[in-house]
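Here's the structure, in structure tokens; my notes come after.
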Amino acid sequence: MKHRIVVLGAGYAGAFVAGTLARRLSRTDTEITVVNAVPDFVQRLRLHQLAAGQAIENPQLTDVFAGTGIQLRPARVTAVDAERRIVTVADADGGGELEYDTLVYALGSHGDTSGLPGAAEHAFDIASRPAALRLRERLEKLDQRTGGGTVLIIGDGLTGIESATEIAESRPGLSVTLIARGELGARLSAGARKHLRRVCDRLEVAVLENTSVETVEAERVLCTDGTVLASDATVWTAGFAVDPIAAEAGVDVTDDGRIVVDRTMQSVSHPGIYAIGDAAYAIGDNGRPLPMSCASAGYTGTQAVEAIIARLTGREVRRTKLLYYGNHISLGRRDGIVQMVDDEGAAKPKHTGGRTAALIKTGVVKTSLWATSHPTFGMPKRKNRVTAEPRALTAVRTPDTPAEIA
């Protein structure tokens, strides 16, 4: 019987892991199925550009996985039975169930509006392509009317900063305001903060610092200090969450629903499950949790691949790097900031800004897309054979065994 590997999600992390496993494992005794809610790859790194009105490439997953032997199942994951090792999916034909021996959980994250009254009903987010397209449609209508309109961006994290500057540059007829809970760019170095402020001034992005939002209404936002801000389009970028599927399956998760994994990306409660990307709560080499990011997707995915192959082939699990170097922030199409961080996660004093930073960010985005669209490129051609019984490989271990802490 073939060892059945099911990968849930084909974002940056899931597509990479599925393709790499397909390249390195023999089809003779393994089969890989990828379940994804949509039939194409979504460039989440560029969804703020899509919302602003730009054209974004979306490769078809059938093309991405062509020649790999991977079975693609366009469907939405509705449940996981971690004890019976079954995934339940829904699609246009009614859905069904998929059995697995090894599960790679890469369902990512989505915008979280649960903590702000009115946000779910009246605010836009850009954590998914449908959400970004809804915002795009709204901005187009505002741009076409006399006098334009007012756009409020709530949250000055990376998503908020990129969204505000992108919209302001792409649609100069709109009035854009960025609402920051504290100081603008508080996690950046002093020089990077100054550069960000100059860019906001150049693009005429109004910034409200030390401001907290209390309620979102259809045409206005109420702040905790009593300020009332008119808004024709309110964009919420201040929080992300993961689907409750893992928690509902009884898998050990954090308070925000991310699967708790060991150093090899294996669930601490269910060794047959590996979590990667935004869905994983993984501790980096600096002793701190890896943040939700494309970079974390790459590092956690690489470690999961090494662990899965090693355990299937009876080898020792090789440790790969689990690092977070810093942030590449786009500020429209011609400007940006590259801010590296130290081992404590604090911004280093120096930064790169301007056109050079924009080119670096563009390179990161293009490389991520190319690597995802060519998941088997450069991988070893040798096909590894499974050498142990699948069920034995996923037997529960205690946390202090060598295999668990490898």
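The values are calculated or read from the model by the stated rules, or taken from the named source; none is laboratory data. Bear in mind that the values here come from a model prediction, so they are computed numbers and not experimental data. Cβ placement follows ideal geometry from the backbone for every residue including glycine, while neighbour counts extend to all protein chains displayed. Quick note on the areas: whole protein, heavy atoms, side chains included, nothing else; ligands and nucleic acids left out. Shrake-Rupley method; radii C 1.70, N 1.55, O 1.52, S 1.80 Å.
Below, the figures for the structure above:
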item: For residue 282, residues with placed amide H under 5 Å, excluding near neighbours; result: 290
item: Förster radius 56 Å - calculated FRET efficiency between residue 374 and residue 230, Cβ distance, rounded to 0.05; result: 0.75
item: Filtered trypsin sites (Lys or Arg not before Pro), segment 269-321: DSSP coil and at most 16 other beta carbons within 10 Å; result: 315, 318, 319, 321
item: Surface accessible to a 1.4 Å probe, residue 202 within the full protein complex, Å²; result: 120
item: Whole-number percent relative contact order across segment 249-336, with pairs defined as alpha carbons under 8 Å at least 6 apart; result: 22
item: List 85, 385, ordered by accessible area with a 1.4 Å probe, largest first; result: 385, 85
item: Solvent accessible area, Å² - residue 114, 1.4 Å probe, full protein context; result: 100
item: Label-to-label distance, nm, for residues given as residue 288 and residue 198 (7 Å Cα→Cβ offset); result: 2.7
item: Where 324, 100 fall by accessible area, highest first, once all protein chains stay in place (1.4 Å); result: 324, 100
item: Simple spin-label estimate for residue 212 and residue 2 in nanometres, 7 Å along Cα-Cβ; result: 5.4
item: Exposure ranking of 124, 65, 240 by accessible area [1.4 Å probe, largest first]; result: 240, 124, 65
item: Magnitude of the charge dipole, segment 225-268, Cβ model with Lys/Arg +1 and Asp/Glu -1, debye to 20; result: 160
item: Relative contact order (%) - criterion: Cα under 8 Å, at least six apart; region: segment 94-184; result: 20
item: Built amide H within the under 5 Å cut-off of residue 72, gap 5+; result: 34
item: Stretchable slack from residue 325 to residue 190, in nm (0.36 nm times residue separation minus alpha-carbon distance); result: 46.8 nm
item: Whole-number percent relative contact order across segment 151-274, with pairs defined as alpha carbons under 8 Å at least 6 apart; result: 22
item: Within the accessible area of the chain (1.4 Å probe), percent carbon and sulfur; result: 51
item: Gain upon complete extension [residue 134, residue 38; 0.36 nm per residue less C-alpha separation]; result: 32.9 nm
